[in-house]
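The values are calculated or read from the model by the stated rules, or taken from the named source; none is laboratory data. All values reported here derive from a predicted model rather than from experimental measurement. Virtual Cβ from ideal backbone geometry, glycine too; neighbours counted across all protein chains shown. Please note that ligands, DNA and RNA were not included when accessible areas were found on the heavy atoms of the full protein model with its side chains. Shrake-Rupley method; radii C 1.70, N 1.55, O 1.52, S 1.80 Å.
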Amino acid sequence: MKETAYKFEDKIAAWHIGIALVALFLGTWFGPLQALEHAGINLYRFLAPGIQSYYQGLTLHAVLNALVWTTFFITGFFTYIFPRSLKRNLRYPRLSTVALVLMAVGLVMAAIPLLLNLATVLYTFYPPMKAHPLFYIGLTLVVVGSWVVGYNLYFTYGAWRKENPGVRTPFLAFAALITMVMWQIATLGVAAEMLGLLIPWSLGLVQGTDPQLARTFFWFTGHPLVYFWLLPAYVSWYGMMPKQAGGKLFSDSLARLAFWLFLLLSVPLGFHHQYVDPGVPAGWKFIHAVLTYGVAFPSLMTAFTVVASLETGGRARGGKGLFGWIFKLPWGDPSYAAQNLAMILFALGGISGLTNASYNVNLVVHNTTWVSGHLHLTVGTAVTLTFMGITYWLLPKMTGKELWSRKLALAQAWLWFFGMAIMSNGLHLLGLRFAAPRRTMLGAAPYAAAEWTPFLSEAAIGGALLFLSAMFYFINVLATVFASRPLSKPVEMPVAESLTDPKLTPAWLDRWVPWLAGTTVLILLAYGPILVQLISQAQLTSPGFKVW
Ligand code: HAS
């Protein structure tokens, strides 16, 4: 199909990605303010004058960067690559418009109370902290909109399947579909929380709520949420980066198996966020701990397959010896470099994740800045820096204009890498050595000891570098859109071929029913009985509090 055939999809994708970029820009503003506050330099009054407290800034930072930037980028990215992967248009264009409107309206609804300090409940919105109903309803609409994006992908896939019986689903479409199905299942938890508990409570229809049940519903969604963020990055690492490196995907079968395992294992392990919750019996926490180590397995497979794929590229470019191929990788291409740097830091973020997952080590690091260090290496780097790398090819392709400055883009990627390495090192050490609490205004905390200062300063320096990097990114994005020259040659969407013929991939890796059945059974086993118990013992008695 000609590129012009995707005009509608491109327009919708551009809206999603445009909103994502605005959210990232606004959310990023608060990042360095927090890091500097921890180091004793409070600039909120000057640089964010309308903001009432550190905690309002923190809520805005996390909602905009962790929830909005990621979700809108993912829905936009999938809307762009999915039709191209299947070489057909989306089945129901109107559904895409409905999805975009739902998501955008939901975002505006949630933003109003956030900005008015009526929803300063942090991005996990744990009750008994209570927000304005518009916040809950708005977020619900964003999620429903993202479901509708998924429905359109399923309908499109159904139509493609009828037109192409027996053909193996192209990898990019296959991986995007699994991600959206996993998301659909995962968000049942937050749907139950919003519709069953928080919205009626915030509207005054019921007098109280049950914080333990709400947290359990939240983490049913909250953990797989991190894989909803991660898998689109994996789509690029498996399905696009090998091509950018000049190589091939090492194993189509392993790549597909990793995605199926994420569908199977992403959901039934939310209790690893609730190891310290008194209302959940220890046996359930143990089961979820074991399954958490299970879900690390497809990431370990990814480390192997992706590195092996990149090695084929490095060797095809003339790399020799055990490690010589690494230097031959296209480090001068900012799109490639950003994603490879994201990957390297993810290896460290994965290790801190495995540390968190240990039931007893978690008691040492839980709710300390260690966890902030972990999440900045994962969603803040593996995901965000990968998405930034993707924009370096996607933006020129979408706009028909050259990337304004490749050098600035390269500098941006490296600055993010070093800024994040420095900041997260400081945060990890502060949490591990001194149990410095996270989500806390440390600059004003009387218990913050003098020995914390070097680490707080390290985190602040890292945060400042990250801010600079983010500004380089936005300057480049804006200049590409508004001030760059037309492309000298067309940009191709990178699609990696597989080293092995995908026809040889076993047929069970393209069958939905057994995997969906397995996923359902595992979730019922790991969550069913305890949810029945928590729901039957629920006490809607807790009042709501506005803390800040
Ligand atoms: Fe996590 C808390 C456990 C992955 C995000 N996590 C969080 C929170 C966030 C988050 C946001 O068990 C905070 C939530 C809150 O606010 O309370 N996490 C894990 C585990 C993994 C993991 C076991 N997390 C992620 C990912 C995230 C993310 C991915 C976002 C995208 N996490 C936890 C736990 C907690 C937690 C507990 C609760 C802590 C508490 O007490 O509150 C695993 O999935 C990680 C597996 C990953 C690997 C790495 C594989 C490496 C790869 C790269 C290879 C590349 C190389 C470089 C080697 C094993 C794929 C090649 C170089 C060349 C040059 C070629």
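For a test of the definition: using alpha carbon positions, the gyration tensor, and the 1.5 limit on a/c, classify the range 475-536 as rounded, prolate or oblate.
Values: a/c = 6.78, a/b = 1.73, b/c = 3.93.
Cα axes put the range 475-536 in the oblate bin.
What shape does the chain have by the C-alpha gyration tensor, where a ≥ b ≥ c are the square roots of the eigenvalues, rounded means a/c under 1.5, and otherwise prolate means a/b greater than b/c and oblate the rest? Kindly include the intermediate steps, with their values, before the conclusion.
On the way: a/c = 1.42, a/b = 1.22, b/c = 1.17.
Because its axes are fairly even, with a/c under 1.5, the chain counts as rounded.
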Paramagnetic reach from I351 (point 7 Å along Cα→Cβ, amide N under 19 Å) across the range 413-452: 417-434
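Carbon and sulfur: what percent of the chain's accessible surface (1.4 Å probe)?
On the way: 15330 of 21580 Å².
The nonpolar share, carbon plus sulfur, comes to 71 percent.
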Magnitude of the charge dipole, the range 3-536, Cβ model with Lys/Arg +1 and Asp/Glu -1, debye to 20: 1120
Which of F472, F323 is most accessible, then next, and so on - probe 1.4 Å: F323, F472
Alpha carbon centroid spacing (whole Å) that separates the range 108-161 from the range 399-473: 28
Accessible area of Y136 in the full protein assembly, 1.4 Å probe (Å², nearest 10): 0
The range 501-548 versus the range 344-380: alpha-carbon centroid distance in Å: 23
Virtual spin-label span in nm between V144 and A48, 7 Å along Cα→Cβ: 3.0
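Where does each of 164-172, 393-401, 269-277 land if you order them by average Cβ count within 10 Å, highest first?
So the order, starting with the most tightly packed, is 269-277, 393-401, 164-172.
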FRET efficiency, K503 to F304 (Cβ-Cβ, R0 22 Å, nearest 0.05): 0.45
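Send over a whole-number figure in Å² for the accessible area per residue of the range 3-536, probe 1.4 Å.
38
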Compactness of the range 203-329 - radius of gyration and Dmax, Cα, Å: 20.1, 69
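Show me the ranking of peptides 405-416, 200-211, 242-253 by mean Cβ neighbours inside 10 Å, starting with the highest. Before the final figure, lay out the partial values.
Numbers: 405-416: 19.3, 200-211: 16.4, 242-253: 22.2.
Result, highest mean Cβ count within 10 Å first: 242-253, 405-416, 200-211.
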Positive-end residue of A526, G76, L134, charge dipole of the chain with Cβ unit charges: G76
Relative contact order %, the chain, counting alpha carbon pairs below 8 Å whose residues are six or more apart: 19
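Order I475, I326, I530 by their accessible area, 1.4 angstrom probe, all chains in place, largest first.
On the way: I475 85, I326 55, I530 0 Å².
Correct descending sequence by accessible area is I475, I326, I530.
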Selected from Q212, L261, L291, residue furthest toward positive end of dipole (the chain; charges at beta carbon): L261
Probe 1.4 Å - accessible area at E402, Å² to nearest ten: 40
Solvent accessible area, Å² - V364, 1.4 Å probe, full protein context: 80
Packing rank of 129-135, 229-235, 432-438, where each peptide gets the mean count of other beta carbons within 10 Å, highest leading: 229-235, 129-135, 432-438
Axial C-alpha extent at least 15 Å, average Kyte-Doolittle at least 0.5 - helices from the chain (DSSP): 7-38, 70-86, 93-115, 133-163, 171-186, 252-265, 282-316, 334-357, 384-399, 406-434, 453-483, 512-536
Dipole-positive endmost among T4, G196, V365 within the range 3-536 (Cβ charges, Cα centre): T4
